[in-house]
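Please read the structure below before turning to the comments.
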Amino acid sequence: MNVVSLRNSDEASIQSVSEQSVSERVLEFYGNVASGDFSKVESLYAEDVHFEDPTHAINGRDRLKAHFKTLYDNCNSCSFKFHQTVDTNSEIFLAWTMFISHPRIRGGKIVRVEGSSFIKTHDGQVIYHREYYDLGSLVYENLPVFGPLTRFIKSRLAR
């Protein structure tokens, strides 16, 4: 039985009576993603998982694991601060901030990206994972030529 709560915190907001919940395991996995240890992908994600973010749609755990490895191997650093977790035992919503340093984005300086995740689970594994974040704030605003132009356009639209 899981006790569900909402709170703003860096810690998992789900307390498991018998074992660690899927949401706690997701928070732990992404909290340790910088370590490069992707061994928990097998126990966390279903074999036929569907994963989406603004740049990819991936089907299957093996392809997802390869994607994570490529993505995080190319980063200087990546960490997440989790702000809120909502867990209904079959769906999870996470609000987070990612801090990422990539050699090809802003010369390796840390970029802050706000985002959220919607996750569906079944039998203790993630079967669907959708990431929502502003690709412009991650990539376009931080490129030498497109960055100033993108920031200019966004400021004009905000008026």
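No value in this document is a laboratory result; all are computed from the given coordinates. Bear in mind that the values here come from a model prediction, so they are computed numbers and not experimental data. Cβ atoms come from the backbone with ideal geometry, glycine included; neighbour counts cover every protein chain shown.
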Determine which aspartates and glutamates satisfy two conditions relative to LYS154: a Cα distance under 19 Å, and not lying fewer than 8 residues away in the same chain. GLU114, ASP134, GLU141
Which one, (1) 16.7, 53; (2) 15.6, 49; (3) 15.6, 46, gives Rg and Dmax of the Cα atoms in Å as derived from the coordinates shown? (1)
So, R0 is 30 Å and r is the distance between the beta-carbons of TYR140 and ALA57; what FRET efficiency does that work out to, to 0.05? 0.90
Considering the chain as a Gaussian network with a 10 Å cut-off on Cα pairs, which listed residue, ARG61, ARG112, ARG104, attains the greatest mean-square fluctuation? ARG104
With label points set 7 Å from each Cα along the Cα-to-Cβ direction at SER79 and ARG104, the distance between them in nm comes to 2.5 nm
If r is the Cβ-Cβ distance from LYS154 to GLN20 and R0 is 41 Å, what FRET efficiency results, to the nearest 0.05? 0.55
FRET efficiency estimate (nearest 0.05) - Cβ-Cβ, ALA34 to GLU114, R0 25 angstrom: 0.85
Specify which residue in the list VAL111, SER23, ALA46 is farthest towards the positive end of the charge dipole of the chain, using unit charges on the beta carbon of Lys, Arg (+1) and Asp, Glu (-1), about the Cα centre. VAL111
